[in-house]
Amino acid sequence: MTSPIRTLALAGIVILAAAALLALAWFASATLLLILAGILFGIFLDAMNRLLGKVLPFGHSIRLAIVCLLLFGALGSVVAVGGVRLSQETTDVSVLLDRQMKAAQTWLRNNGVPIGTIAPKAADSERPGTIFSNPAALLPGDGSVASRVLGLVSVVLGYLGNALVVIFLGLFVAAQPGAYRSGVLRFVPRRHRDTAAATLDDMGETLRRWLTGQLTTMSVIFAVTWAGLAMIGVPAAFLLAVQAGLLAFIPNIGPIVAGVVIVAVALTGGIEMALYAVGLYVLVQTLESYILTPFIQRQALSVPPATLFAAQILLGVVFGLWGLALALPMVAITKVLLDRLYLPENVRAD
């Protein structure tokens, strides 16, 4: 009797622990995804560190410092050279899109389609989750100038705080990757540590290759889009190319959003310019789908499009923007876990 009771008790403890972990993942989803973003940034720094190690015979810490200085210098150069331009083009695009929305609203009304005023609604619940509180909520008087200013400041501070968390967490991971790997393995029973270590190594290698390929793809898309839009004469070509490159990080959905914005801005120059913009969008997507992805990304990670799209929808609905942006790395981690821990057992069983 003792053995069955002990087995049932152990099963109950496991179920309760799993339920507690799921509840924690649900309520702290924004924070957990923020941590995942920091780990990905750390993996990126580690990949650059390893690449630099092939040409410079320095230690790990010195190479990491060089990588950080190079990234900081590149970011500073971009801000110095294109910061003013991006600011001006952001204002121009905002005005152009507002004009296009009003024109579309007028056209729909003239054709008998009832529609209200198109205006963005600012709601705290619609903002991406942050780990910082909203200071505007401390003051009464919704709609007052003070509350609006503090609300804007809280949003900026929230995004800035999240960015700092990602940066510092990534630096810590990249500085001592072996220490964190060993720390995770301490939670694994000794008899399974070899398998767990191999699984962690596979995860790191897969994510390193995927990040390298993803950044290469994003850079090529930015360059081709910028050159094409500049040749066509689309307003704010640099800003539109930047958003196209950044949105390429989100497969399937990101390029569609980027294309809609580009065509909407191009429509301000007439139908001919819009058609050229559509042609450029098709060219860029063909380049990504048939050249960049097969030769760069599939060497790192091969995920069926339907599987990835379903994961994006599920994670986007459950976790919002963070889940949508980090769907592919989460799918990659799941795939490695299945390949290492589940599929080999099935093969042995067969």
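The values are calculated or read from the model by the stated rules, or taken from the named source; none is laboratory data. The shown structure was predicted, so the numbers you read here are calculated from the model rather than taken from an experiment. All Cβ positions, glycine included, derive from the backbone under ideal geometry; neighbour counts span all protein chains shown.
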Residues of the range 282-310 satisfying the condition of being crowded, with 19+ Cβ neighbours inside 10 Å and at pLDDT 80 or above = Val284, Glu288
task = State which residue is surrounded by the most Cβ atoms within 10 Å (Cβ to Cβ) when the search covers only the range 82-104 and only residues that are modelled with pLDDT of 65 or more and of a type in the set (Val, Ile, Thr).
result = Val93
Boolean, Gly213 is at pLDDT below 85 and either of a type in the set (A, V, I, L, M) or within 22 Å of Leu326 (Cα to Cα) (or both) = yes
task = Can you give me the number of residues within the range 38-61 that are surrounded by fewer than 19 Cβ atoms within 10 Å (Cβ to Cβ) and either acidic (Asp, Glu) or farther than 13 Å from Leu171 by Cα (or both)?
result = 10
inquiry  = Looking at the range 158-204 only, could you name the residues that are in contact (Cβ under 8 Å) with a residue 24 or more places away in the chain and more than 24 Å from Cys68 (Cβ to Cβ)?
reply    = Gly158, Thr195, Ala198, Thr199, Asp202
message = Exactly one of these conditions fails for Leu33: (1) among the aliphatic types (A, V, I, L, M); (2) closer than 23 Å to Ser219 by Cα; (3) in contact with a Leu (Cβ under 9 Å, 6 or more places away or on another chain). Give me its number.
response = (2)
ask   = Considering only residues of the range 311-344 that are of a type outside the set (A, V, I, L, M) and modelled with pLDDT of 80 or more, which is farthest from the chain's Cα centre (by Cα)?
value = Asp339
query = So Leu267 fits all but one of (1) among the hydrophobic types (A, V, I, L, M, F, W, C); (2) in contact with a Leu (Cβ under 8 Å, 6 or more places away or on another chain); (3) in contact (Cβ under 8 Å) with a residue 60 or more places away in the chain; (4) over 15 Å from Phe222 (Cα atoms); what number is the exception?
reply = (2)
ask   = Out of curiosity, is Val242 in contact (Cβ under 8 Å) with a residue 60 or more places away in the chain and closer than 21 Å to Phe41 by Cα?
value = yes
note = Considering the range 189-220, residues that are among the β-branched types (Val, Ile, Thr) and under 16 Å from the mean Cα position of the chain (by Cα), and then whichever is surrounded by the most Cβ atoms within 10 Å (Cβ to Cβ), we arrive at Thr217
